[in-house]
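Asks: Right, I'll just put the structure down here and ask away after.
The values are calculated or read from the model by the stated rules, or taken from the named source; none is laboratory data. The structure presented is a predicted model; accordingly, all values stated were derived computationally and were not measured. As a convention, Cβ positions derive from the backbone with ideal geometry for all residues, glycine included, and neighbour counts pool all protein chains shown. Keep in mind that these areas ignore ligands, DNA and RNA; they rest on the heavy atoms of the full protein, side chains included. Shrake-Rupley method; radii C 1.70, N 1.55, O 1.52, S 1.80 Å.
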Amino acid sequence: MSWGTELWDQFDNLEKHTQWGIEVLEKYIKFVKERAEIEINYAKQLRNLSKKYQTKKNSKEEEESKYTSCKAFQNTMNEMNDYAGQHEVISENMTSMIMAELTRFVQELKQERKSHFHEGRKAQQHIETCWKQLESSKRRFERDCKEADRAQQYFERMDADINVTKADVEKARQQAQIRHQMADDSKGDYSSVLQKFNHEQQEHYHTHIPTIFQKLQDLEERRITRLGDSLKTYAEIDRQVIPIIGKCLDGITKAAESINSKQDSQTVVESFKSGFEPPGDIDFEDFTQSMKRTVSDTSLTNNRADVKSDPKTPGKSRGKLWPFIKKNKGATPEDFSNLPPEQRRKKLQQKVDELNKDLQKEIDQRDALTKMKDVYMKNPQMGDPASVAQKLIEIGSNIEKLRVEVQKFEGWLAEVEGRLPARNDNSRRQSALYETQNTAPVNNCAQDRESSPDGSYTEDQSQETEVKVTPTEFDDDFDDEEPLSTIGSCKALYPFDGENEGTISVAEGEILNVIEEDKGDGWTRIRRNEEEEGYVPTSYIEVYLDKTAKGAKTYI
């Protein structure tokens, strides 16, 4: 079925139909655009929801996250974040693979359709012009024939009239001959024009119009085929993310299956266990005797006396009193002596771990600065070694102070572990001791401990060596809850390995984003992508700050 042969007389209807077809395609493009907007908004809402219920750092929720149920919930939030990412992928693919492609295709269709109909109108105008010429020639031939008939009739009347002179008759005869000749000429012209029109009409309806309509038919079929292919792409874009979405849902199921009620119950025990023994039975006091009552050996008053008299057995005596005492109010002692033994051990162990972590950061920073100093000494043009020396001295002092603190808290930890009942070796957390040659002597803080009447631990504060640790800006840089914004860019002048914690490796000539300037310690914080960031030596890069960026300094 061809439009050129079947629809040869439907030029106007084909013009309307092809315009409608393009409008259908544009309507579909608008539908995909709105679907992409829905997907990106849905992904944004999912991310915000996941972020809202994520555990915040340094909050009470972080302490609660040790339970398997809380961990499963947080894993679910992480999976929902990945789930949202797949909807962003759907939106991006629909925008690039359908909207952008079809928009260009529609523009091409419009231009091609416009060209075909312009050509069709020219063909129609030409055949109409030929038709007008034929009509004009036909009317002229008709007029000349009528004039010749009238002239012939006039001649015949003049020739039959005896009263007319011979000259008048001859004149009428000549006039009739002229009219007959004009009629013959008009007949020839009309025949020629008619033959030409028939040829043009044959070409118009069997060659020109079929060719134009065939092109329009091909255009319409390409539009329909393209729409079908786009619908397949629309479905395939969704289908491609289904396996990943399935993995996200599998992750949520796995997180749910990881919940262990028994383990959470045991965690509650470990979190709140005091280490004391329950109070013993209270003896019956007989008031029927006339003699003065004496205090029972197992009474509460006597128990309090036992607490003072026998500090070497804190577990049993304090275990009897702990449920009845009030917690100390005010500042928390540095050694957590106001806590029950088990809770005190956990706090001390946590403090030791934190100090060891801070100590490792300082050591890593010292190693990085030492490497930088060696580079400066070998290549003076890169920087002055003396600029690093002062920082190395400060870091060395911080390391010594942290080691003193570690030893002090480990001493308290060893003491409280010695007083607690024997525990399983697998559950005891061992801390790593950082030994150095020039360790400052630390007083034995585990001596002369006494128990107060309220069941808390006290110690001779004069025997403690209190050392304040000066926090560095470098340690706190990785605790930001919100990602830092870009304040500029930089180019790596030299390669840097970035083997230490907090640093990032760069290649020579690499372009990266700057998110935090050098604060005077010789390091600049950079970002390679949304998730990979760290510190590099400032002397290794060339920085180009954006003066309009938030947080960027302006140099005059």
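Asks: List pairs: first in the range 523-538 and over 28 Å from D384 (Cα atoms), second modelled with pLDDT under 90 and surrounded by fewer than 19 Cβ atoms within 10 Å (Cβ to Cβ), Cβ under 8 Å, 6+ apart or cross-chain?
Replies: Pairs found: E530/P483; E532/I504.
Asks: State all residues of the range 115-124 that are open to solvent by 100 Å² or more (accessible area, probe 1.4 Å) and either of a type outside the set (D, E, K, R) or under 20 Å from L227 (Cβ atoms) (or both); if no residue qualifies, say none.
Replies: H118
Asks: Now for a separate question. Filter the range 357-376 for residues that are closer than 17 Å to F496 by Cβ and either free of Cβ contacts under 8 Å to residues at least 12 places away in the same chain or aliphatic (A, V, I, L, M) (or both) and give the result.
Replies: Scanning the range 357-376 gives A368, L369, K371, M372, D374, V375.
Asks: From the list G251, G275, G228, which residue is free of Cβ contacts under 8 Å to residues at least 12 places away in the same chain, of a type in the set (G, A, S) and open to solvent by less than 70 Å² (accessible area, probe 1.4 Å)?
Replies: Just a single option satisfies the conditions, and that option is G228.
Asks: Moving to a separate point now. M182 versus (1) at pLDDT 90 or above; (2) open to solvent by 100 Å² or more (accessible area, probe 1.4 Å): which is the lone unmet condition?
Replies: Of (1) at pLDDT 90 or above; (2) open to solvent by 100 Å² or more (accessible area, probe 1.4 Å), only one is false for M182: (2).
Asks: Find all pairs meeting these conditions: Cβ atoms under 8 angstrom apart; at least six residues apart or on different chains; first residue within the range 196-212 and closer than 17 Å to Q10 by Cα and hydrophobic (A, V, I, L, M, F, W, C); second residue open to solvent by 40 Å² or more (accessible area, probe 1.4 Å) and assigned to a helix (DSSP H, G or I).
Replies: Matching pairs, first to second residue: I212/E119.
Asks: Return the residues of the range 20-40 that are surrounded by 13 or more Cβ atoms within 10 Å (Cβ to Cβ), under 19 Å from K215 (Cα atoms) and not β-branched (V, I, T); say none if nothing qualifies.
Replies: Within the range 20-40, G21, L25 qualify.
Asks: Might you let me know whether the range 186-197 holds any residue that is open to solvent by less than 40 Å² (accessible area, probe 1.4 Å), part of a helix (DSSP H, G or I), of a type outside the set (V, I, T) and touching a Cys at 6+ places or on another chain (Cβ under 7 Å)?
Replies: Scanning the range 186-197, I find at least one residue that is open to solvent by less than 40 Å² (accessible area, probe 1.4 Å), part of a helix (DSSP H, G or I), of a type outside the set (V, I, T) and touching a Cys at 6+ places or on another chain (Cβ under 7 Å), so the answer is yes.
Asks: Here's another thing I want to ask about it. What helices (runs of 4 or more DSSP H) completely inside the range 1-79 contain at least 2 residues that are acidic (D, E)?
Replies: Qualifying helices (runs of 4 or more DSSP H): 11-52, 60-64.
Asks: I'm checking my understanding of the structure. Among residues of the range 365-409 that are open to solvent by 20 Å² or more (accessible area, probe 1.4 Å) and of a type in the set (D, E), which one is modelled with the lowest pLDDT?
Replies: Selected residue: D384.
Asks: Mind checking which residues of the range 1-37 are in contact (Cβ under 8 Å) with a residue 40 or more places away in the chain and of a type in the set (A, V, I, L, M, F, W, C)?
Replies: W3, L7, W8, F11, L14, I22, V24, L25, I29, V32, A36 - these are the residues of the range 1-37 that are in contact (Cβ under 8 Å) with a residue 40 or more places away in the chain and of a type in the set (A, V, I, L, M, F, W, C).
Asks: Additional query: Here's a check for you: in the range 109-158, which residue that is within 55 Å of the chain's Cα centre (by Cα) and acidic (D, E) is farthest from D189 (Cα to Cα)?
Replies: For the range 109-158, the residue satisfying everything is E112.
Asks: OK, next. Are there any pairs with C-beta distances below 8 angstrom linking a residue in the range 150-168 that is open to solvent by less than 70 Å² (accessible area, probe 1.4 Å) to a residue that is at pLDDT below 85 and among the β-branched types (V, I, T), with the two at least 6 apart or on different chains, and if so which?
Replies: Partner pairs satisfying both residue conditions: M158/V164.
Asks: Would you check which residues across the range 501-541 are of a type in the set (G, A, S) and assigned to a loop (DSSP other than H, G, I, E, B) and list them?
Replies: G502, S505, A507, G509, G520, G522, listed by residue number.
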